[in-house]
Amino acid sequence: MVGVRPAGQASWSISVDQWNSPLEWALWFRAAERIEVQAGGLVTGPPDVDPLPEPSAASADELVEGWLWWWRTVVTQPPLTSFPPRPDMADPSRFSPPDFEGLADHPALRHVVTARWGEANAWHSTRKRAGVEAFLATRGPGPRREGAAVRAVEAEIGRRSAPFSVRIIVLPVVDQQIRSAGKSTFLVPERVHASSAYDDWLREVFRALA
């Protein structure tokens, strides 16, 4: 979702990245393999995966380092729609099935991921299909929540907002904390995104940027 100023005026943009397959695959493996990582910084609270799959025979302890590297790598990559690509942007195909070549330095994790990615993708696809259907069924004629929040802030301050760009990544995690993932990028738990607390947070962020 992108908001743009009328012609001749500086623009603001807001992208909402939901049902992101590489991120959701990583979260599924964290849950399924019981990979215990401490929340903080870019690392969210536990994934919201129910029912919880059975772990494989691999030891979760030997997966922690690789999983943390994998998560931090994919969560800090710009969206695939970014153009031109950043020089430091990893090739997205290296973190894609069936080979997940990007995990070559973490063979234990790569073995588990290549063996079970179909399960992770089935979970992700089911979630995405249900989420899109629910969004289409409840979408009203007015602006999206994010655009409405910008307009509410503009009405408060009595002028148009300064240009800004914000990316919001919505994640299925058992968490109540919105986390920063770099300049103007935020990790938002689905449960928060579905609540009025999200609208309050949006206005606070946009006041600071306007």
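Rule-based calculations on the coordinates, nothing more; no lab input. Predicted, not measured: the structure shown is a model, and the values here were computed from it. Please note: Cβ atoms are built from the backbone with ideal geometry, for glycine as well, and neighbour counts cover all protein chains shown.
Sort Ser165, Ser93 by Cβ crowding within 10 Å, fewest neighbours at the top. Write out the running numbers ahead of the final one.
Values: Ser165 14, Ser93 11.
Lowest to highest Cβ neighbour count: Ser93, Ser165.
Shape verdict for segment 99-157, please, from the Cα gyration tensor: rounded (a/c under 1.5), prolate (a/b greater than b/c) or oblate. Oblate. Cβ crowding within 10 Å ranks Trp117, Trp70 as Trp117, Trp70, fewest other Cβ atoms first. Scaling against 2.2 N^0.38 Å puts the C-alpha radius of gyration of segment 13-209 at 1.10. Taking the DSSP bridge list for the chain and keeping only pairs wholly inside it, about 25 percent are antiparallel.
Among Val174, Val113, Val49, the ranking by other beta carbons within 10 Å of each residue's beta carbon, starting with the fewest, stands as Val174, Val49, Val113.
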